[in-house]
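Readers should treat all values here as calculations from the given coordinates under stated rules, not as data from a laboratory. The model shown is predicted, which means the values in this text are computed figures rather than measured ones. Glycine gets a Cβ as well: all are built from the backbone with ideal geometry, and neighbour counts include every protein chain shown.
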Amino acid sequence: MATNLTSKKILIIEDNASMRETIIHILGSLGARFLITAETGANAMTAMKIDKFDIVLCDYNLLGEKTGQQVLDDARHLKLLPVSAIFIMVTGENRMELVLSAIDNKPDDYLIKPISKDQLSSRIERCVARKNYLASIENEIDSGNFYQALYHCKQLLQSDNNMRLHLLKVQADLSIKIGDFKAAEKIYEDILYERELPWARLGLGIVAFYLGDYDQAIQTFKDLIVQYPAMMEAYDWLVTAHESQGNDDHALSLLNLAVALSPMSLSRQKKLALLANKTDNLAIAEKAYSAAIKLGKNSVRKSPADYAGLAKVYLKYNAPDEALRIVNQLNFQFQNDPEAKLSSALLETEIHTTKGNKFLAQKAYEKAFILNQQFSNKLSRELRLNMAKAFYINGNKNACDEILNDLIKTNIDDKSFIKDIVKLCDTIIGENHAIMLIKEVRKEFSEINNYGVNLFNKGNIKGALEVFENVISQRPDNKAAILNMLRIMIHELKISGPDPEKIIKAQFYINKAIEIDMPHNQISRLQTELNTLQ
Amino acid sequence: MLPIDFSALLASSIHDIKNSLGALRALLAQLENIYPDPKPTELKHLNFEANRMNNNLMQLLVLYKIDLSQFSPTIDEHRAGDILEDVVAQQSTLLSLSNIELITQCDNELLCYCDNTLIGNALCTLVNNAQRYCQTKVMLSAVQEDDYIVFSIEDDGDGYPENLISSDYKQLPIIDLASGNTGLGLFFTDTIAKLHAQGEKRGFITTDNDSQFGGARFRLYLP
């Protein structure tokens, strides 16, 4: 076996001492010199923060607080693993039972205990070869350069037959990412013509969803679930499709099913909790929030919002004492987190009001007021919206409008959040209040945009760029500003000749444009122009 | 007395036994570390038998789930060579203590659409059997034959007994207590082969005594 691990940094996460010895022994005989071991998930996280590992071997059933899957989820969440790193999950179980639980992040490979030297070495060798082969694509994806990744993908497909199907899958995924749905559709159809493969069928459903053919998409996802009852992605997409059709009840019952199949998925529990809360299915919301809190407890993804959500459910149940108990837990779990502090102060205000304790309610409100002044720029927008509501209810209309204005300005391009703002204003302040604020903000921005375009038309490129840079710094997701910015930058590059720094900057804005779902035909034209300038 | 639902009872017993077996294997691994090299061959044998039991139990569970329509294979494109390599790696323990030669033959570029875990597991059990009945060698190979990928296991033993020669494996398992061979491995492989379909074509298996080494030959056809 050709595997030589001399130059590789390897982390072994295993709680069983003798198993650890066995693995160290095997790796040693394959030449490994840089070996770090961790007995618990927490120690593993620390190790990965200190060193960048090439290979991680992780036991699935770790004793203590974190499972192997949580180690992987957290490591990916915190970006502790380089793109080139290999993560192998070692399990005592059969792989099939684990695949279900591994939803948020999949390891590069699974190994079933007991491990032999030959097995370990051939798996590592295979993973390394696969990573190396795909490196050019993965690196571009990691930097958000989807057009370049697509280019490398096509190159590999042309050069040989190695991993053809996987490359086609990546090519279709990337085509969806840049919004070229027709290209993705063609790839999936070609594959399905050769052979019925579930992921290609799913892809076709996703394409139908993006092209607005919701009936077709929903039917495809439904068929897949009947045929492959454990295909979690099909559930997730069906939920999304129902949600986008405004059919929250359908979405909720499906998501509930999916959670029953994969109770260990934190992100799915969180999503279920939010949806159940929104549709006033309090029993489901209570269960899902509790599960999310339990799953998140030892994870970097634990969040004050889950505690706040559960406390709110208890308030809706008219059980203020239960709510208060959760708020105390929230305070205990997040001692120095401004978001948690403000969140609990707001909840306390509501709880004490419910209990008729005006004095305590007033005290809690004052606490929230001060925290808001101290940390306003560090708080999540959802919490700030709650704060605006509290201001309004307590008669501080100016402070309320100040927050609303700011939230509208920074989120004007996020339709669903703007909808939340409008909904809140409609229920507590009155119709039209939010609409007026939004109109003003839109007018102000359109005037600035016009001003920038005018400067450009008069030949003042530098001035125009400054204007748009300023707009984007305030509204990072504004399509018109990004599009204008890109057009001017490319125009400037054409006149003044290639400049690597400016090209990188333009690429950054193109990636940004993809991220905010700008239409494919607009971006691809700009990308092509930029490519000819390099 | 209430009627006993034997299949459910067996399935839950298998789960229990599998857990115990897991604990047993962990203990074995600990025991192995106590002994200095060279380790006693009994240990390897113990490991091997525990592994075999685990494979059998896993096959029973899969068959149980198929019977309840709770199981669907995860079919994707895999390199046939990788599947063979996995089988060899898993068999390496046994190989190192017997003097049997396991030869593999496969075009490196040969691709195969299958559930690689299932197929690997099935081939492992059958190679395992072949090793018990052969004289000196077993050959594991994969080739393309028309619209099928064919995995073959050939040995130089006495060949299959009459009752295990190809016909219809839906009749299996034929329980032959005298030889200790129940044909479970063949039955399992045949069942999962049929789950692999492409258009009108389905997977199947054949058994005969036409091995190029004069013994038994098993073939698995996947569309």
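Efficiency by 1/(1 + (r/R0)^6): what FRET value for B:LYS194 and B:GLU42, r their Cβ-Cβ distance, R0 = 41 Å, to the nearest 0.05? With a Förster radius of 41 Å, E is 0.55.
Helix screen, chain A: DSSP H segments with Cα axial length of 30 Å or more and mean Kyte-Doolittle hydropathy at least -0.5 are A:433-457. Projecting label points 7 angstrom from Cα along Cα→Cβ for A:ASN432 and B:ASP16 puts them 7.4 nm apart.
Lysines near A:LYS9 by alpha-carbon distance under 23 Å, same-chain residues fewer than 8 away left out - which ones? Reachable lysines: A:LYS49, A:LYS52, A:LYS66, A:LYS79, A:LYS106, A:LYS113, A:LYS117, A:LYS131.
Kindly identify region A:478-534 as rounded, prolate or oblate by the Cα gyration tensor criterion: order the square roots of the eigenvalues as a ≥ b ≥ c, call it rounded if a/c is under 1.5, otherwise compare a/b with b/c, prolate if a/b is larger, else oblate. Verdict is prolate for region A:478-534.
Over the protein assembly as shown, dividing the summed -39,500 (n - 2.57) contributions of all DSSP H runs of at least 4 residues by the number of residues returns a 222 nm mean residue ellipticity of -21000 deg cm²/dmol. Across peptide A:378-385, the mean count of Cβ atoms from other chains lying within 10 Å of each residue's own Cβ comes to 0. I need the calculated FRET efficiency for the pair B:GLN144 and A:ASP190, taking r as the beta carbon distance and R₀ as 22 Å, to the nearest 0.05. It comes to 0.55. Across peptide B:194-202, the mean count of Cβ atoms from other chains lying within 10 Å of each residue's own Cβ comes to 1. Report note on the peptides A:64-74, A:352-362: ranked by the mean count of other C-beta atoms within 10 Å, highest first, their order is A:64-74, A:352-362. Here the simple spin-label model places points 7 Å from the Cα toward Cβ, and for A:ASP321 and B:LEU24 these points are separated by 5.3 nm. Name the trypsin sites (Lys or Arg not before Pro) in region A:415-472 that are in a loop by DSSP and that have at most 11 other C-beta atoms within 10 Å, would you? Filter output for region A:415-472: A:LYS458. Inter-chain Cβ neighbour count for A:113-122, averaged per residue, equals 5 (cutoff 10 Å, partner chain atoms only). Put simply, the Cα atoms of the protein assembly as shown extend 93, 72, 53 Å along their principal axes, the longest span coming first. Here r is the Cβ-Cβ distance between B:ASN56 and A:ASN105 and R0 is 25 Å; the resulting FRET efficiency, rounded to 0.05, is 0.20. The number of Lys pairs in region A:395-521 with C-alpha atoms less than 16 Å apart, excluding pairs fewer than 8 positions apart on the same chain, is 17.
Among B:MET139, A:MET436, a tally of other beta-carbon atoms within 10 Å of each Cβ gives an order, fewest to most, of A:MET436, B:MET139. Using the Karplus relation 6.51 cos²θ - 1.76 cosθ + 1.60 with θ = phi - 60°, the per-residue 3J(HN,Hα) values for region B:200-216 come to 7, 7, 10, x, 7, 10, 9, 9, 8, 10, 9, 4, 5, 9, x, x, 7 Hz, with x marking Gly and Pro.
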